[in-house]
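**Q** Can you keep this structure in mind? I'll have questions shortly.
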Amino acid sequence: MLATLDRNPKSIDDIVDELAHIFVGVDLETLRKDTIEFLQYFVDEEFLCIGENADSCQDYENKESNEKLENTAIAFGSDDCVKSIFKTNEFLRSIHIEIANVCNERCVHCYIPHKYKVNVMDSDLFYRIIEEGRQMNIIHVTLSGGEPLLHKNIVNFLIKCRALDLSVNVLSNLTLLTDEIVDEMKKNPLLSVQTSIYAMNPDIHDGITKLQGSLEKTICGLEKLMKAKIPVQISCPIMKQNKDDFVNVIRWGYDHNISVAVEPVIFASYDHTGDNLSNRLSLEEISKAFDYELAEGYAETISNLAKEKEALKGNDPICSICRYSFCISVTGEVYPCVGWQSNVIGTLDNQNLNEIWKNSDKIKYLRKIKRKDFVKCVDCKDRGYCTVCMMSNSNENQNGDAFKINEFYCNVAKLKHEKITIYRNENLSFDK
């Protein structure tokens, strides 16, 4: 729910509309009531403020004499107060925990080099992380790998998260899903699962994962979760191997009321070698894939996201990393995000979470980076169709320069902008 909020004014109805694509099958009035109730908690805790419209939200943000509102991070609308906006103060609300980087699949596009897929997290370290996080009032954890279900204590980890009232997102290929795990997942109403399906053709999907029978097992896992009424999402990165079949994944998701997120540009592995990029689509292949996306109904989502990005200003933060979240590896190293593991910003060997969050010089530096620091990007006409990602920038080049932007991303953004413009002109009712 918090992820639907941003710096731009947004009505509660718009928030609920976005959530309806995630909480599939939930009555809209129930979803609206629960969303307001959830966000009201943050109003009471002074992380949110309420305004009748966009201007009043801005007024709340700028009234320095009002101590209560000075510390407010977000404004949102309830029944009569219908707009929202982020401020810039930082509070840790989410931790991405890599509980196992070992994996039973060997996906050809993976950002984790295969030679590093060897460890699982010590269970005591996991319990320490979420206990310290809960003391800092975190509300969400993501459990990932590698393959997190390879950890022998995954069920106990889920039990502990439920006991601490944590929202949990599990990223898993689901090939190792058991009834015991499903039974525990059902008990946490704040839990969701995201998995990857690359194609509905097993030869293509299994060819990407390098695990024979993986598509059948993943779909079987999805069906178990759906039967248990556990919220699920599908991620479908597009690469050379599945560029002609990913549409069938989208359609399968539609048929089963599951949201499918597609991404036509895979990012480089974090060891700066770029070994996985031989699987990345060419610009011509991305153009064709984007046409498929538009034909499958993604135009409005892409256009709305572009409008949000275009509204951002030079002084806006470039990213949410180290402002609301960070990632912890199996060995207790802390990174800005899961894909940027060449940038260690702290370690739990000699510090606790709170000390790292408050005192790390690298975190302080990352928080200061603004959109204007990317001179080429801040006023680019295609900025709405591009994500200026420091992790991706760093991984793309051997020296790890987070400010060096690969021209390929600029060309992709230009392509998307042109395609959406043509689509809009050919579908005059698109913006209405």
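**Q** Can you tell me the convex hull volume per residue for segment 205-261, based on C-alpha atoms, in Å³ to the nearest whole number?
**A** About 74 Å³ per residue, rounded to a whole number.
**Q** Hey, another quick one. Taking segment 112-177 on its own, what percent of its Cα-Cα pair distances exceed 16 Å?
**A** Here the tail beyond 16 Å accounts for 48 percent of pairs.
**Q** Right, next: Which distance in nm do the two modelled labels at LYS358 and ASP17 give, with both placed 7 Å along the Cα-to-Cβ direction?
**A** Going from the LYS358 label point to the ASP17 one covers 4.2 nm.
**Q** Additional query: Multiplying the sequence separation of GLU216 and MET136 by 0.36 nm and subtracting their Cα-Cα distance, what value in nm do you get?
**A** 24.7 nm
**Q** Enter the per residue convex hull volume of segment 81-201, computed from alpha-carbon coordinates, in Å³ rounded to the nearest integer.
**A** 175
**Q** Across every pair of different alpha-carbon atoms, what Kirkwood hydrodynamic radius in Å does segment 283-432 reach?
**A** That comes to 17.3 Å for segment 283-432.
**Q** Also, quick follow-up: Using 0.36 nm times the number of residues separating SER287 and LYS152, minus their current alpha carbon distance, what extension gain do you get?
**A** Working it through step by step, the gained length comes to 44.3 nm.
**Q** Hey, which of these cross-link pairs are over 31 Å Cα-Cα: LYS370/LYS414; LYS152/LYS187; LYS240/LYS309; LYS160/LYS229; LYS309/LYS362; LYS364/LYS419?
**A** LYS364/LYS419
**Q** Over the Cα atoms of segment 124-262, what Rg and Dmax result, in angstrom?
**A** Considering segment 124-262 through its Cα atoms, Rg and Dmax are 15.7, 48 Å.
**Q** Just to be sure I understand the curve: with the Debye formula and one point per C-alpha of segment 369-429, what is log10 I(q)/I(0) at q = 0.30 Å⁻¹?
**A** Log10 I(q)/I(0), no solvent term: -1.26.
**Q** Could you calculate the contour length gain from ASN119 to TYR41, that is, 0.36 nm times the residue separation minus the distance between their Cα atoms, to one decimal place in nm?
**A** 24.3 nm
**Q** Can you tally the net charge around PHE290? Count Lys and Arg as +1, Asp and Glu as -1, for every other residue whose Cβ sits under 13 Å from the Cβ of PHE290.
**A** -2
**Q** Sketch the reach of a paramagnetic label on ASP316 as a point 7 Å from Cα along Cα-to-Cβ, and name the residues of segment 373-413 whose backbone nitrogen lies under 17 Å away.
**A** 373-390
**Q** Can you find, among ILE345, THR301, THR273, the residue farthest towards the positive end of the dipole of segment 255-352? Put +1 on the C-beta of Lys and Arg, -1 on that of Asp and Glu.
**A** Farthest towards the positive end: ILE345.
**Q** For the chain, what does the helix formula give at 222 nm: sum of -39500 (n - 2.57) over DSSP H segments with n ≥ 4, over the residue count, nearest 500 deg cm²/dmol?
**A** -12000 deg cm²/dmol, from helical runs alone.
**Q** ILE138: net charge of surrounding residues, Cβ under 11 Å, Lys/Arg +1, Asp/Glu -1, itself excluded?
**A** With Lys, Arg at +1 and Asp, Glu at -1, the net is -1.
**Q** To two decimal places, what compactness ratio does segment 307-352 give when its Cα radius of gyration is scaled by 2.2 N^0.38 Å?
**A** 1.47
**Q** Taking just the alpha-carbon atoms of segment 268-360, what radius of gyration and Dmax come out, in angstrom?
**A** 18.4, 52
**Q** With the chain treated as a Gaussian network of Cα nodes joined by springs under 10 Å, which of ASN395, ASN304, ASN169 yields the largest mean-square fluctuation?
**A** For the chain, modelled as a Gaussian network with Cα springs under 10 Å, the answer is ASN304.
**Q** Determine, for each peptide in 27-40, 408-421, 258-271, the mean count of other beta carbons within 10 angstrom over its residues, then list the peptides with the highest first.
**A** 258-271, 408-421, 27-40
**Q** Related question: Just order 376-384, 347-355, 239-247 by mean Cβ neighbour count inside 10 Å, highest at the front, would you?
**A** With the highest mean Cβ count within 10 Å placed first, the list reads 239-247, 376-384, 347-355.
**Q** As an exercise, take the mean of 1/r over every pair of distinct alpha carbons in the chain, invert it, and state the Kirkwood radius in angstroms.
**A** 22.8
**Q** What's the Kirkwood radius of segment 205-354 in Å, using all Cα pairs?
**A** Result for segment 205-354, one decimal place: 18.6 Å.
Each reported figure results from applying straightforward, stated rules to the coordinates on display, with no laboratory input. Just so it is clear, the structure is predicted and the values come from calculations on it, not from any experiment. Note that each Cβ is placed from the backbone with ideal geometry, even for glycine, and that neighbours are counted across all protein chains shown.
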